[in-house]
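Written out below as structure tokens is the structure these notes cover.
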Amino acid sequence: MGEPVKIQDLASDLIRLSGFEPGQDIEIVCTGLRPGEKLCEELFRAQEQPQRTHHPRILVAHTDCGDGEKLQHDLAELEALLRTRQAAEIKAKLKEIVPEYEPEWKTEDGERKMEDGEWKMENGEWKGEEGEWKV
């Protein structure tokens, strides 16, 4: 993936490449993380062991995906739960399917938990305060 790049430096470079001066012509404002954003992205889960390929910069993860029929059954159960808007049951099912899942939602005010009934279905999409989630 290469070396990490600071967003501040990237923004400054793009402003300069556009013929402007950062802080004078265009102000850079740091607003913090938005809902769903991360500071870093993990390439592999903890239980996955990356293995090298013939190319030195390409890695492959071998993982046990489990039983495909069970996954289909679990996803059907999850879809049914989504229609109930019961946050506790939805989070529990997600945690069952993906043990690494941490059921927390972040807002500009900080961290808070999703409460029952905050999401509603409209035209086949879940809509809530944080945005939308297609089923």
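FYI, it's all coordinate maths here, none of it is from the lab. Everything quoted here is computed from the prediction, not taken from an experiment. Backbone-built Cβ (ideal geometry, glycine too); neighbour counts: all protein chains shown.
Scanning region 56-85 for residues that are under 14 Å from VAL98 (Cα atoms) and polar (S, T, N, Q) gives THR63, GLN72. Please enumerate the residues belonging to region 25-75 that are in contact with a helix residue (DSSP H, G or I) (Cβ under 8 Å, 6 or more places away or on another chain) and either touching a residue at least 40 places away in the same chain (Cβ under 8 Å) or acidic (Asp, Glu) (or both). Passing the criteria: ASP25, ASP74. Applying the selection to region 4-60, what residues are under 22 Å from the mean Cα position of the chain (by Cα), of a type in the set (Asp, Glu) and exposed (fewer than 10 other Cβ atoms within 10 Å of the Cβ)? Listed by number, the residues that qualify are GLU37, GLU41, GLU42.
Taking the stated definitions as given, is GLN72 under 23 Å from the mean Cα position of the chain (by Cα), loosely packed, with under 11 Cβ neighbours inside 10 Å and assigned to a helix (DSSP H, G or I)? So GLN72 passes the test.
For region 3-22, residues that are part of a loop (DSSP other than H, G, I, E, B) and charged (D, E, K, R) total 3.
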